[in-house]
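Working notes, beginning with the structure itself.
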Amino acid sequence: MEFEILGNKDTRSGFGEGLAELGRTNPNVVALCADLTGSLKMDAFQKEQPERFFQAGIAEANMIGLAAGMTIGGKIPYTGTFANFSTGRVYDQIRQSVAYSQKNVKICASHAGLTLGEDGATHQILEDIGMMRMLPNMTVIVPADFNQTKQATIAIAEHQGPVYLRFGRPVMPIFVKPDAKFVIGKADVLAEGTDVTIIACGHLVWKSIEALNILREKGISAELINMHTIKPLDVDAILKSVSKTGCVVTAEEHMMNGGLGEAVSQVLSRSFPCPQEYVAVNDSFGESGTPMELMTKYGIDTQDVVNAAIKAIARKA
């Protein structure tokens, strides 16, 4: 299957465009930012809806508390800052004031994973998916490209309850159609195959698309699933695919512990035990470097997906 590249853009810009569109169409949507308006691409919303934009400053815990309070009056608050500050710095506030209380807060987190790049390990959170998917009542979404991030940003306004929306900084190819429908909890099968299932999220979806072509040249038929929603997980899509292929690779820009791979392994261990290989960061903090250099060094690049697929197939045999 050939994928048409529709352009190149960062996923955080998809969030910014989606938020701006919501500002024009949904009067209950409000936005809060922790002094990173430009980095989160929230400028358009701020300019067009100044009375519905709240600058919390470098006080992320206060921002989450404000957002939780705003839901009581029927508002739909979108909070914005880097993923590290959206989760690790404010986990207590999210747990107590949002998840436990089932408040309708949309926690929007940019610059996630290694591809934050040169800012280094202190800003490159690789544990956030695990932290958020462990919280009861929390929905966790990791869209694949600019278009899908915009679609997800708009879709979560209609979802009642807490959402963690994770996206990134680097410019990446756009391959999701601009008119595609985003359904929370429903995976997208991007390519059908018979030898191995590849389940990916975020930037690793494109890396897996690149891997498909290499595997095809080796005579390997790979099925690719864009698992943009980590929680609730599309269990039916996983089991339908692996029952056909008999083995699976999970690929994510996250720690091996706690993320997409672990979520999939829980499904397989209960319902369909089979070989699984992980493309993820293996129990390590990151470091400063360009996004692509870091993806290669930490084992989450295109060739790593290829190698994992070959290994999974060999284990199946």
Determine if the stretch 63-73 includes at least one residue that is in contact with a Lys or Arg (Cβ under 7 Å, 6 or more places away or on another chain) and not basic (Lys, Arg). yes
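Table: residues versus (1) among the charged types (D, E, K, R); (2) crowded, with 20+ Cβ neighbours inside 10 Å; (3) more than 23 Å from residue 117 (Cβ to Cβ).
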| residue | (1), (2), (3) |
| --- | --- |
| 227 | no, yes, yes |
| 236 | yes, no, yes |
| 244 | yes, no, yes |
| 247 | no, yes, yes |
| 259 | no, yes, no |
| 267 | no, no, yes |
| 274 | no, no, yes |
| 281 | no, yes, no |
| 288 | no, no, no |
If I ask for residues that are out of contact with any Lys or Arg (no Cβ under 7 Å at 6 or more places or on another chain) and within 24 Å of residue 96 (Cβ to Cβ), which ones from the stretch 32-60 would you list? 32, 33, 34, 35, 36, 54, 55, 56, 57, 58, 59
Criterion first (over 24 Å from residue 127 (Cβ atoms), surrounded by 15 or more Cβ atoms within 10 Å (Cβ to Cβ) and either polar (S, T, N, Q) or touching a Pro at 6+ places or on another chain (Cβ under 9 Å) (or both)) does residue 220 satisfy it? no
Residues being crowded, with 18+ Cβ neighbours inside 10 Å and either among the acidic types (Asp, Glu) or out of contact with any Phe, Trp or Tyr (no Cβ under 8 Å at 6 or more places or on another chain) (or both) - total across the stretch 39-51: 1
Kindly indicate which of 298, 278 is assigned by TED's automatic domain parsing to the domain that holds residue 248, of a type in the set (Ser, Thr, Tyr), in contact with a Ser or Thr (Cβ under 8 Å, 6 or more places away or on another chain) and over 20 Å from residue 229 (Cα atoms). 298
Residues to consider are 139, 122, 37; find the one that is polar (S, T, N, Q) and farther than 27 Å from residue 292 by Cα. 139
Going by what's in this entry, would residue 261 be described as part of a loop (DSSP other than H, G, I, E, B) and either touching an Asp or Glu at 6+ places or on another chain (Cβ under 7 Å) or closer than 21 Å to residue 316 by Cβ (or both)? no
Output the residue which, of all residues in the stretch 278-308 that are outside any loop (DSSP other than H, G, I, E, B) and polar (S, T, N, Q), is farthest from the chain's Cα centre (by Cα). 307
Could we say that residue 116 is within 15 Å of residue 40 (Cβ to Cβ), buried (at least 18 other Cβ atoms within 10 Å of the Cβ) and in the same structural domain as residue 138 (by TED's automatic domain parsing) here? yes
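The values are calculated or read from the model by the stated rules, or taken from the named source; none is laboratory data. The shown structure was predicted, so the numbers you read here are calculated from the model rather than taken from an experiment. Here the Cβ is made from the backbone with ideal geometry for all residues, glycine too, and neighbour counts use every protein chain on show.
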